[in-house]
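In what follows, a single structure is set out as structure tokens and then discussed.
The values are calculated or read from the model by the stated rules, or taken from the named source; none is laboratory data. As the structure is a prediction and not an experimental result, all values here were calculated from the model. Here the Cβ is made from the backbone with ideal geometry for all residues, glycine too, and neighbour counts use every protein chain on show. What goes into the accessible areas is simple: the full protein's heavy atoms, side chains included, and nothing from ligands, DNA or RNA. Shrake-Rupley method; radii C 1.70, N 1.55, O 1.52, S 1.80 Å.
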Amino acid sequence: MAATRYRRFLKLCEEWPVEQTKRQRDLGVFLRQRVAQAFREGENTQIADPETCDRMYESLVRIHTNYYKNKYPRLKDTNFTGVTVEDCKMILATDILKQMEDMKKGTWKKLREKFYAKKPEEDSK
């Protein structure tokens with residue numbers, strides 16, 4: 001029975017998209033890592049709580065298939081701010097978030113980083 005569960009999770013991982021704009025923060029990547037962790041021995045892995053495993057799988061399938069989005073359709077594809085889904089995806093991209101973090105830095109911190117004598121990596125060279 002563990003082999004069947006393992007194959008179902010593998011199939012879900014294959015179908016789950018990976019967003020390249022969200023490096024190291026993507027749900028698809030996280031899911032793949034967790035499945036690899038949970039099924040270290042592949043089909044031979046012993047599952048301590050099969051019911052919980054099945055519930056997790058069903059929950060992930062509902063997220064993947066947009067079950068609740070389809071069950072409770074929205075009138076508009078915006079939120080209370082008026083921002084569209086595409087704009088939200090662009091704003092949440094890793095590169096944009098890094099730029100925003102750099103903009104938040106104060107003048108003194110920027111100057112200190114710019115004129116800092118040596119980086120720790122350079123000391124070892």
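Whenever you get a sec, compute what percent of the accessible area on the stretch 1-70 sits on carbon and sulfur atoms (1.4 Å probe). Walk me through the intermediate numbers first.
Details: 2740 of 5240 Å².
The nonpolar share, carbon plus sulfur, comes to 52 percent.
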Please give the per residue accessible area of the chain, computed with a probe of 1.4 Å over protein heavy atoms only, in Å². 86
Given a 10 angstrom Cα cut-off, can you work out which residue in G106, G42, G28 is the most mobile in a GNM of the chain? G106
So which residue, out of T21, T45, T107, gets the largest mean-square fluctuation from a GNM of the chain using Cα contacts under 10 Å as springs? T107
Hey, can you rank 63-71, 31-39 by average C-beta count inside 10 Å, highest first? 31-39, 63-71
Which peptide among 76-88, 5-17 comes first, and what is the full order, when sorted by highest mean count of other Cβ atoms within 10 Å? 5-17, 76-88
Which whole-number percent of Cα pairs in the chain have a distance greater than 25 Å? 52
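Relative contact order for the chain using alpha-carbon pairs under 8 Å, separation at least 6, rounded to a whole percent?
Details: 47 pairs, mean separation 31.8, N = 125.
RCO, the chain: 25 percent.
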